[in-house]
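Please read the structure below before turning to the comments.
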Amino acid sequence: MRDWKLVLLAVEQSFILVTRNARHFARELAKLEIHLGAVFLTGPNHRMRPAGQVALFTIALDEIGSEEPINQVIEVVASGTVGARLRRYEMVARVPP
């Protein structure tokens with residue numbers, strides 16, 4: 001399924017998008033005026049093991065807590081063999097006045 005179709009499905013179904021493909025999905029999310037948020041899990045290489053993905057996702061869930069990331073991205077980046085960097089930022093289309 002194409003990236004833009006997955007984004008539309010997430011919006012239609014009120015899902016938070018979770019992906020390891022931040023670059024492509026960021027482009028699609030940036031076109032939207034509203035979305036329920038996204039979680040980007042990234043690492044130093046493309047061969048992150050499932051246990052590493054689960055660890056990063058757990059960090060993202062802790063960050064989300066009870067505050068939904070509406071129009072936000074939670075990005076968790078694995079940094080080497082130990083630890084991770086976390087960023088939470090807004091991502092929406094800029095609507096002309």
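The values are calculated or read from the model by the stated rules, or taken from the named source; none is laboratory data. What you see is a predicted model, and the numbers here were worked out from it, not measured in a lab. Here the Cβ is made from the backbone with ideal geometry for all residues, glycine too, and neighbour counts use every protein chain on show.
Scanning the range 11-57 for residues that are under 14 Å from Met91 (Cα atoms), free of Cβ contacts under 8 Å to residues at least 24 places away in the same chain and of a type in the set (Phe, Trp, Tyr) turns up just one, Phe25. Farther than 16 Å from Val7 by Cα, of a type in the set (A, V, I, L, M), at pLDDT 90 or above and out of contact with any helix residue (DSSP H, G or I) (no Cβ under 8 Å at 6 or more places or on another chain) - does that describe any residue in the range 33-52? Within the range 33-52 (the criterion being farther than 16 Å from Val7 by Cα, of a type in the set (A, V, I, L, M), at pLDDT 90 or above and out of contact with any helix residue (DSSP H, G or I) (no Cβ under 8 Å at 6 or more places or on another chain)), the answer is no, since none of the residues qualifies.
Please find, among Glu63, Glu28, the residue that is modelled with pLDDT under 95, of a type in the set (Asp, Glu) and surrounded by 18 or more Cβ atoms within 10 Å (Cβ to Cβ). Please lay out each step first, then the result.
On the way: Glu63 fails: surrounded by 18 or more Cβ atoms within 10 Å (Cβ to Cβ).
Result of the check over Glu63, Glu28: Glu28.
Mind checking whether some residue in the range 46-59 is surrounded by fewer than 15 Cβ atoms within 10 Å (Cβ to Cβ) and farther than 22 Å from Arg85 by Cα? The answer is no, given that none of the residues of the range 46-59 is surrounded by fewer than 15 Cβ atoms within 10 Å (Cβ to Cβ) and farther than 22 Å from Arg85 by Cα.
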